[in-house]
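Since the structure comes first, as structure tokens, the remarks are kept for the end.
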Amino acid sequence: MAETRDNVRYLASHEWARLEDDGTVTVGISDHAQDALGDVVFVELPETGRSVQAGEEVAVVESVKAASDIYAPVAGTVIGVNDVLDAAPETVNDAPFDEGWFFKLQPADDNALNELLTPEDYRALCAADDH
Amino acid sequence: MLKKTCLNSCHIEAGGKMVDFGGWEMPIHYGSQLDEHLWVRASAGMFDVSHMTVIDLVGPDVKPFLRKLLANDVERLKTSGQALYSAMLNPAGGVLDDLIVYRLAEGYRLVVNCATREKDLAWIEACSEAFEVVVTTPPNLSILAVQGPSALSVLSSVLDSAQANLLSQLAVFESGFAGDWFLARTGYTGEQGAEIVLPNADAPGLWQALLASGVRPIGLGARDTLRLEAGMNLYGSDMDEGVSPLACNMAWTVVHNDRDFIGEAAVQAARAARVQPRLIGVMLKERGVLRAHYPVYSADARVGVLTSGAFSPTLQCGIGFARVSAVTESLFVEIRGKQLPLEPVSLPFVRHGKPVYSVIS
């Protein structure tokens, strides 16, 4: 059973978004997603400073199996990316909710995260996925 | 209902992630495809390839029949046990399948692909009508490939003395029987190793003995990246019925002489054509992954397509095969709308764990 975290919100496309104390939003992919992808071998990250709409393709994760788009969970501006993934893309497999994060956003709307899936919703979605 | 090999429970016990592979429930990986790939390059891994098809042919006409059926010439198999890689062509010169043919004490053994089984058998039956040949698919056999730098030494430590003795006498592309076990020094990884065709009842025992000796199970995912690094074609990706052997890097397996094999006239016509596509190795010069079907450009002209692609665990970059109409100095692959430079290289990329390619200039 894949791990989920209760301090983040989710997209149906398996990204997670975490509201930090400073009001920024950190984005990554779930444990369920990394497990389905298999070994991650390349991550293409967005340019810092780019403004993005909710649902826009902003990054790509390539595993041994396939290339998958990563969507912005909320509108905002990219204020940082996880350079660790350039040299060590496998970090996404090893620590998807921690060191394997993808990018950080300054959200346009502080409340936008409330629109996303709750941990309960997301667990139900994964359970349906597994059957 | 998926077909299962008799090692199915062994795969599940080893943590295999099982997928539908041409109607068979087979392991794609056992946790990490990358780790499995690197383990085969560094040590030894085992692959259940029991889904592949074994076809035995005997009869007074078996040699003239195979000289007609195959684009490589079984006349080259001078003694019992020798093996040959060959294409089987249709009359239009397209590749119906690729296979290994082993000369036995009596007759020949073919090992053909899984997905092409029914098509191949129907074709072989139809072509053999004018020949006195008996075609059989021996039942209840498993096939286990053991590959890697320590594959042969580990194998000889778990085989019985007659089997180990046979294995020690085989050179690359040679085979033989020890009782009802068929041992062949062939494989699909570019490493040392053997493929063992054995009775189903014996297969779990061999699996467990190898597992206990440090040989790790390897899934179909790593099997694909290993063969790609080794410069070996995958039927259905790099060639099919519409592709000439000349356009899939198999010209070296086509032997012309006076025997007139099926498809030969079409191959000769293709050879005479001034421009024909060829299959080359390519490496991505930037970070990223190559995948089958990505288009290939030279300047602004589309000159071909990737037939296979992957991230190479050994070389740590994107590699692939490209079928191109011309090899120029500046090839590009289009990935998500961006053109990225490709380096055309000789095949294989990797042999015996080491990079061996050179840049084509």
Of all residues in region A:56-77 being more than 20 Å from A:Leu37 (Cβ to Cβ) and within 13 Å of the chain's Cα centre (by Cα), which is nearest to the other protein chains (Cβ to nearest Cβ)? A:Glu56
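Would you call A:Thr118 more than 14 Å from every other protein chain (Cβ to nearest Cβ), within 13 Å of A:Arg18 (Cα to Cα) and surrounded by fewer than 19 Cβ atoms within 10 Å (Cβ to Cβ)? Give the steps one after another, and end with the answer.
Details: more than 14 Å from every other protein chain (Cβ to nearest Cβ): yes; within 13 Å of A:Arg18 (Cα to Cα): yes; surrounded by fewer than 19 Cβ atoms within 10 Å (Cβ to Cβ): yes.
When the stated conditions are applied, A:Thr118 passes them.
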Go through (1) of a type outside the set (A, V, I, L, M, F, W, C); (2) part of a loop (DSSP other than H, G, I, E, B); (3) under 22 Å from the mean Cα position of the chain (by Cα) for B:Glu106 and report which single condition fails. (3)
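Would you confirm, using the coordinates I've provided, whether B:Ala92 is modelled with pLDDT of 95 or more, crowded, with 19+ Cβ neighbours inside 10 Å and not aromatic (Phe, Trp, Tyr)?
Spelling it out, it is not the case that B:Ala92 is modelled with pLDDT of 95 or more, crowded, with 19+ Cβ neighbours inside 10 Å and not aromatic (Phe, Trp, Tyr).
Quick check, is A:Asp31 acidic (Asp, Glu), modelled with pLDDT of 95 or more and surrounded by fewer than 18 Cβ atoms within 10 Å (Cβ to Cβ)? It would help to see each step written out before you state the result.
On the way: acidic (Asp, Glu): yes; modelled with pLDDT of 95 or more: yes; surrounded by fewer than 18 Cβ atoms within 10 Å (Cβ to Cβ): no.
Criteria not met by A:Asp31.
Of all residues in region B:22-61, which are of a type in the set (S, T, N, Q) and more than 30 Å from B:Thr136 (Cα to Cα)?
Residues of region B:22-61 that are of a type in the set (S, T, N, Q), as a first pass: B:32-33, B:43, B:50, B:53.
Of everything in region B:22-61, those that are of a type in the set (S, T, N, Q) and more than 30 Å from B:Thr136 (Cα to Cα) turn out to be B:Ser32, B:Gln33, B:Ser43.
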Six or more apart or on different chains, Cβ under 9 Å: which pairs go from a residue in region B:33-52 that's in contact (Cβ under 8 Å) with a residue 24 or more places away in the chain and farther than 17 Å from A:Lys65 by Cβ to one that's surrounded by fewer than 24 Cβ atoms within 10 Å (Cβ to Cβ) and aromatic (Phe, Trp, Tyr)? Could you list them? B:Gly45/B:Trp39; B:Met46/B:Trp207; B:Phe47/B:Tyr188; B:Asp48/B:Trp207; B:Val49/B:Tyr188; B:Ser50/B:Trp24; B:His51/B:Phe21; B:His51/B:Trp24
Filter result for the condition that a residue is surrounded by fewer than 20 Cβ atoms within 10 Å (Cβ to Cβ) and within 14 Å of chain A (Cβ to nearest Cβ), over B:Gly23, B:Gly31, B:Gly16, B:Gly59: B:Gly31
Quick check on my filter: what residues within region A:37-55 are within 14 Å of chain B (Cβ to nearest Cβ), under 14 Å from the mean Cα position of the chain (by Cα) and not in a strand (DSSP E or B)? A:Leu37, A:Leu45, A:Pro46
Name every residue in region A:15-36 that is within 15 Å of A:Met1 (Cα to Cα) and either assigned to a helix (DSSP H, G or I) or not hydroxyl-bearing (Ser, Thr, Tyr) (or both), in order of residue number. A:Asp31, A:His32, A:Ala33, A:Gln34, A:Asp35, A:Ala36
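Let's see how each residue does on (1) of a type outside the set (D, E, K, R); (2) surrounded by 16 or more Cβ atoms within 10 Å (Cβ to Cβ); (3) without any contact (Cβ under 8 Å) to a residue 60 or more places away in the chain; (4) under 28 Å from B:Trp39 (Cα atoms):
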| residue | (1), (2), (3), (4) |
| --- | --- |
| B:Leu121 | yes, no, no, no |
| B:Ser153 | yes, no, yes, yes |
| B:Asp160 | no, no, yes, yes |
| B:Gln163 | yes, yes, yes, yes |
| B:Phe173 | yes, yes, no, yes |
| B:Ala194 | yes, yes, yes, yes |
| B:Pro199 | yes, no, yes, yes |
Considering residues of region B:227-268 that are among the acidic types (Asp, Glu), under 18 Å from B:Arg76 (Cβ atoms) and touching a residue at least 24 places away in the same chain (Cβ under 8 Å) only, the residue surrounded by the most Cβ atoms within 10 Å (Cβ to Cβ): B:Glu264
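Out of all the residues in region B:228-237, which are more than 14 Å from every other protein chain (Cβ to nearest Cβ) and either over 11 Å from the mean Cα position of the chain (by Cα) or closer than 11 Å to B:Phe349 by Cβ (or both)?
Within region B:228-237, the first condition is being more than 14 Å from every other protein chain (Cβ to nearest Cβ), and the residues that meet it are B:230-237.
Listed by number, the residues that qualify are B:Ala230, B:Gly231, B:Met232, B:Gly236, B:Ser237.
Limited to region B:1-13, what total is found for residues that are in a loop (DSSP other than H, G, I, E, B) and surrounded by 14 or more Cβ atoms within 10 Å (Cβ to Cβ)?
Our first condition is that a residue be in a loop (DSSP other than H, G, I, E, B); within region B:1-13, this holds for B:1-2, B:4-7.
So of that shortlist, the ones also surrounded by 14 or more Cβ atoms within 10 Å (Cβ to Cβ) come out as B:4-7.
Number satisfying all stated conditions: 4.
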Of the numbered conditions (1) of a type outside the set (A, V, I, L, M); (2) closer than 20 Å to B:His51 by Cβ; (3) surrounded by fewer than 18 Cβ atoms within 10 Å (Cβ to Cβ), B:Glu125 fails exactly one; give the number of that condition. (2)
How many residues are outside any loop (DSSP other than H, G, I, E, B), more than 24 Å from the chain's Cα centre (by Cα) and buried (at least 16 other Cβ atoms within 10 Å of the Cβ) if we restrict to region B:271-295? 0
With respect to B:Pro313, determine if the residue is in contact with a His (Cβ under 8 Å, 6 or more places away or on another chain), surrounded by 14 or more Cβ atoms within 10 Å (Cβ to Cβ) and within 18 Å of A:Ala67 (Cβ to Cβ). yes
Within region B:302-346, count every residue that is more than 14 Å from every other protein chain (Cβ to nearest Cβ), closer than 29 Å to B:Leu38 by Cα and part of a loop (DSSP other than H, G, I, E, B). 1
In region A:79-86, is there at least one residue being small (Gly, Ala, Ser), part of a helix (DSSP H, G or I), more than 14 Å from every other protein chain (Cβ to nearest Cβ) and within 15 Å of the chain's Cα centre (by Cα)? no
Which condition from (1) within 14 Å of chain A (Cβ to nearest Cβ); (2) more than 27 Å from A:Val60 (Cβ to Cβ); (3) among the aliphatic types (A, V, I, L, M) is the one that B:Leu290 breaks? (2)
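The values are calculated or read from the model by the stated rules, or taken from the named source; none is laboratory data. Because the structure is predicted, anything quoted here is derived from the model rather than measured. Cβ sites come from the backbone with ideal geometry, for glycine too, and all protein chains shown count toward neighbours.
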